[in-house]
Amino acid sequence: MSQAPGRWRELIARFGLLLALVVMVIVLASISDRFLTTSNIINVLRQISVNAIIAFGMTVVIIGAGIDLSVGSLLALVGVSAALLATGAGLPVWLVVVIAVVLGLLLGLVNGLFVGYAGVAPFIVTLAGLTIFRGAALVLTDGRPISGLPPFFSRLGYGTFLGLPLPIWIMFGVLLLTFVLLRHTALGRAIYAVGGNREAARLSGIPVRRVLAFTYAFSGFATAIAAIVLTGRLNSAQPTAGQAFELDAIAAVVVGGTSLAGGRGGVWGTLIGALIIGVINNGMNLLNVSSFYQQIVKGGVILAALLLDRALSRREG
């Protein structure tokens, strides 16, 4: 009998998020007959794709006990850079995509070098990145959107494969890549070790600085992919795109059960967190709830997730 509470806590910790998502789906389906339709479910997945891709990269950073506030601005900078190359430089589209992804990875690496090697606090480094990347995007475009993109971008945003929109396939591709990285590589184990106890990781021979730099490079890589997807969906590049996307990504990670203290969490939880937020937004839109109230509800969900994480951490301790 004494083991029963522990088993229940373990089950809640492992399946509680999924159960919460199922309950939300059941409630919304009972309220609105438009919610649980194939077209609407696909619409929810399409809507969360950009945020989820960014959040997968953010998950890696947060598991390493960091934070990346620059992803929204980086998304805008990568998007406008790709659009300028595609419309003005006459480069093949595949090369434009490669350059854009490499640009995101390198700018993320710059953040990581400041955090890992210069020892600057992640909040300060990425806050500076948030301002610098946004300013660079505005300078490159003179504050104006870029349109007239090659057809590849619109196909990427609205094309389908086996009946599913391409952004959803890309989202699942980045999900699987991140999962393999975190759970099936030595580097992934090192990220968990660094996030759990940086000093112990250093003493055990893990190159802490390189691991930290990598986490931010991976976040930049994921954000660059999200930028290409968003550019395709909008069929234009906006220098103001991505505002507050860092908050949505952090929300998905936190709701998904990854600890802000680092060393605990996973990318599947992040997907469920993004789905929970997406289902809430979609459900309230179907019910014609004001967007102002939607912000309040989203904030309440994040706060509840943080309180649950704290309670579980205390019980484990």
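The values are calculated or read from the model by the stated rules, or taken from the named source; none is laboratory data. Keep in mind that what you see is a predicted model, and the values were worked out from it rather than measured. Methodologically, a virtual Cβ is constructed for each residue, glycine included, from the backbone with ideal geometry; neighbour enumeration extends over all protein chains shown.
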Residues that are without any contact (Cβ under 8 Å) to a residue 12 or more places away in the chain, more than 16 Å from residue 168 (Cβ to Cβ) and part of a helix (DSSP H, G or I), drawn from region 28-52: 29, 30
Lone unmet requirement of (1) in contact (Cβ under 8 Å) with a residue 24 or more places away in the chain; (2) over 25 Å from residue 269 (Cα atoms); (3) among the small types (Gly, Ala, Ser) for residue 89: (1)
Extreme residue, surrounded by the most Cβ atoms within 10 Å (Cβ to Cβ), among residues of region 252-269 that are over 17 Å from residue 196 (Cα atoms) and at pLDDT below 90: 255
Could you please let me know if residue 75 is more than 10 Å from the chain's Cα centre (by Cα), surrounded by fewer than 19 Cβ atoms within 10 Å (Cβ to Cβ) and either closer than 24 Å to residue 148 by Cβ or acidic (Asp, Glu) (or both)? no
Out of the residues in region 46-65 that are modelled with pLDDT of 95 or more and over 12 Å from the mean Cα position of the chain (by Cα), which is farthest from residue 258 (Cα to Cα)? 64
Any hit, region 8-23, residues being surrounded by 14 or more Cβ atoms within 10 Å (Cβ to Cβ), modelled with pLDDT of 90 or more and outside any loop (DSSP other than H, G, I, E, B): no
Candidates 250, 206, filtered to the one that is free of Cβ contacts under 8 Å to residues at least 24 places away in the same chain and either farther than 25 Å from residue 275 by Cα or not polar (S, T, N, Q) (or both): 206
